[in-house]
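**Student:** After the structure tokens below, expect a handful of questions from me.
Nothing in this text is a laboratory measurement; each read-out follows from the coordinates by a stated rule. Please read all numbers here as calculations on a predicted model, not as lab measurements. Every residue, glycine as well, gets a Cβ built from its backbone with ideal geometry; the counts of neighbours run over all protein chains shown.
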Amino acid sequence: MRQALTAPAVIAEAATLADEQGFQAVTLSAVARRLGVQAPSLYTHVQDLEALKDGVTARALAELSAGISEAIAGRSGRHALQAFADTHRGYARAFPGRWQSLQRRAGRPVVRSDAARTLAEQAGAVLRGYPVPSTEHVHAIRLLGSTINGFLSLERTGGFDHSEPAPEESWHRTVTALDALLNAWPSTRDETRP
């Protein structure tokens, strides 16, 4: 018996397709085929392809933030940072297509969603274990995101496959370096500006 066609069911199928074949494989026709319907039937549940992709991104944000909540609970400093970073890496490995969906410019409703806000708050919670002034949190959060997502992107595309040591060792060093940098966050006064 075919499952009822609803917006969550359509998005769930798109997320599964993304994980199996890559986020670029998510199209209305591909999702419709998997659901055994014609593509026009999906327009009752998602406005267009961008809305479908945004649905996958929103789902990924919610799943990732739920995982981070559990991982960082009761932790601070290096332990919270490690849990935060490891949860990102674990999610990227378990759900590669959904993780890819987080590496795109999402629509305004996704960017302003509760899940996106929660993820930013979780990064802020990690930073409270460090001597980073609250006025500097946006910069530190951007640093965390750039470093974690950059590493995961290179790892996913095989950027570390042809050299030693194994990526695991570099991952550990990366988190250690982030911990050291956050503990020695530079003064808010930028001495390099003219």
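**Student:** For GLY129, which sequence-distant residues (separation of 5 or more, or a different chain) have an amide H within less than 5 Å of its own amide H, given hydrogens modelled in the peptide plane?
**Tutor:** GLY77
**Student:** Grab the DSSP H runs of the chain that are 4 residues or longer, score each as -39,500 (n - 2.57), total them, divide by all residues and round the 222 nm result to the nearest 500 deg cm²/dmol. Please report the intermediate quantities before stating the final value.
**Tutor:** Values: 9 runs with 126 residues, N = 194.
So the calculated ellipticity at 222 nm is -21000 deg cm²/dmol.
**Student:** Which of GLY129, LEU102, ALA184 sits farthest toward the positive end of the charge dipole of segment 84-194, with +1 on the Cβ of Lys and Arg and -1 on the Cβ of Asp and Glu?
**Tutor:** With unit charges placed on the Cβ atoms, the residue in question is LEU102.
**Student:** Grab the other residues whose beta carbon is less than 13 angstrom from that of THR57, score K and R as +1, D and E as -1, and report the net.
**Tutor:** Values: positive: LYS53, ARG59, ARG98, ARG104, ARG105, ARG108, ARG112; negative: GLU50, ASP54, GLU63.
Result for the local shell: +4.
**Student:** When the chain is fully extended, how far beyond the present Cα-Cα distance does ARG142 get from GLU63, taking 0.36 nm per residue of separation? Display every interim value, and only then the final one.
**Tutor:** Values: separation 79, 0.36 × 79 = 28.44 nm, distance 2.05 nm.
Full extension from ARG142 to GLU63 adds 26.4 nm.
**Student:** Quick check: residue separation of THR135 and THR174 times 0.36 nm, minus the Cα distance between them. What number comes out in nm?
**Tutor:** Separation in residues times 0.36 nm, less the Cα-Cα distance, equals 11.6 nm.
**Student:** Considering segment 1-42, what Rg and Dmax in Å follow from its alpha-carbon atoms?
**Tutor:** Cα-based Rg and Dmax for segment 1-42 come out at 9.5, 29 Å.
**Student:** Treat every Asp and Glu Cβ in segment 102-194 as -1 and every Lys and Arg Cβ as +1, leave all other atoms uncharged, and give the resulting dipole magnitude about the Cα centre to the nearest 20 debye.
**Tutor:** Roughly 640 debye, rounded to the nearest 20.
**Student:** How big is the charge dipole of segment 7-183 about its Cα centre, in debye rounded to the nearest 20, if each Lys and Arg gets +1 on its Cβ and each Asp and Glu gets -1 on its Cβ?
**Tutor:** Roughly 400 debye, rounded to the nearest 20.
**Student:** Between LEU17, TYR91, SER41, whose Cα lies farthest towards the positive end of the dipole of segment 7-183 when Lys and Arg beta carbons carry +1 and Asp and Glu beta carbons carry -1, centred on the Cα centre?
**Tutor:** SER41
**Student:** How high is the FRET efficiency between ARG156 and ARG105 when r is their beta carbon distance and R₀ equals 25 Å, given to the nearest 0.05?
**Tutor:** On the way: r = 19 Å, r/R0 = 0.75.
Efficiency computed from Cβ-Cβ geometry: 0.85.
**Student:** List the equivalent ellipsoid semi-axes of the chain in whole Å, largest first, each obtained as the square root of 5λ for an eigenvalue λ of the Cα gyration tensor. Present the calculation step by step, with values, prior to reporting the outcome.
**Tutor:** Values: eigenvalues 248, 72, 44 Å².
One finds semi-axes of 35, 19, 15 Å for the chain.
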